[in-house]
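To keep things clear, I will list the structure first and then write my remarks on it.
The values are calculated or read from the model by the stated rules, or taken from the named source; none is laboratory data. Please read all numbers here as calculations on a predicted model, not as lab measurements. So basically every Cβ, Gly included, is an ideal-geometry build from the backbone, and we count neighbours across all protein chains shown.
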Amino acid sequence: MYAFCALIVRTFILLFYRVKVIGKEHLPKGKGYVIACNHVGWLDILSLAAVGTYPVKVNYMAKKELFSNRFFKWFLEKIKAFPVDREKPGPSSLKIPIRLLRAGEVVGIFPSGTRTQEEAPLKRGAVFLSEKAKVPLVPAIYFGPSVIRFADLFRRKQILIVFGKPLDPEKHVSKEDRNAYLNVFNQEFSRLNKEAEQLVS
């Protein structure tokens, strides 16, 4: 079902938008990894999985409130999303993504936590998952529309997805400085964001 939904969404996006993906060759092959991307709306979620990483499946962390609606729950489960309590993100809520990562799957997370193009303080979630599961962390930037608007469909607006080089937790985790890996991630995410801004300017 995931493959069918991804193919339909991919066809739709490529038909109605001008899509450019940069750095896809950086995505690790044959192993699990975390993708940390900025978040502007529903279209970045769909574009990242249906175009950016396609045909690799992405398991998304989604706030549990979205699963209260029956239709959204059905849709989210079909696109491999799982609920997370953002108010109380205890260890139990991280068991699912860590298990998926260790099993060789891909987990997508939006560390800014808000749907905005502006830089926000990046949360520790993406870094924590990468460290605990011992898998690479791939920063990603999305520039483009936030949602699908009927009026925009025939204007072929641009969608840009840029993947950075994967960060290896074994190289950046430091017992002396607990924030070392987080700082490296923040710096790379900021650098990648500036690079993407230049490409769309």
Provide a single number: the residues in the stretch 1-23 that are closer than 22 Å to PRO97 by Cβ and either part of a loop (DSSP other than H, G, I, E, B) or in contact with a strand residue (DSSP E or B) (Cβ under 7 Å, 6 or more places away or on another chain) (or both). 1
Can you name the condition, by its number, that ARG124 falls short on among (1) loosely packed, with under 14 Cβ neighbours inside 10 Å; (2) at pLDDT below 90? (1)
Could we say that ARG156 is among the basic types (Lys, Arg), modelled with pLDDT under 95 and out of contact with any helix residue (DSSP H, G or I) (no Cβ under 8 Å at 6 or more places or on another chain) here? no
Name the residues in the stretch 24-61 that are among the hydrophobic types (A, V, I, L, M, F, W, C) and either within 24 Å of LEU182 (Cα to Cα) or assigned to a strand (DSSP E or B) (or both), would you? LEU27, VAL34, ILE35, ALA36, CYS37, VAL40, ILE45, LEU48, VAL58, MET61
So, in the stretch 45-72, exactly how many residues are among the charged types (D, E, K, R) and at pLDDT 90 or above? 1
Subset of the stretch 39-55, residues touching a Gly at 6+ places or on another chain (Cβ under 8 Å), closer than 13 Å to PHE143 by Cβ and among the small types (Gly, Ala, Ser), comes to SER47
Limited to the stretch 159-183, what total is found for residues that are modelled with pLDDT under 95, among the charged types (D, E, K, R), touching a helix residue (DSSP H, G or I) at 6+ places or on another chain (Cβ under 9 Å) and not in a helix (DSSP H, G or I)? 1
Cβ-Cβ under 6 Å pairs, at least 6 apart or on other chains, the stretch 39-55 side polar (S, T, N, Q), far side outside any helix (DSSP H, G or I) and buried (at least 20 other Cβ atoms within 10 Å of the Cβ): SER47/ILE159
Among residues of the stretch 73-87 being modelled with pLDDT under 75 and loosely packed, with under 15 Cβ neighbours inside 10 Å, the residue nearest to LEU100 (Cα to Cα) is LYS78
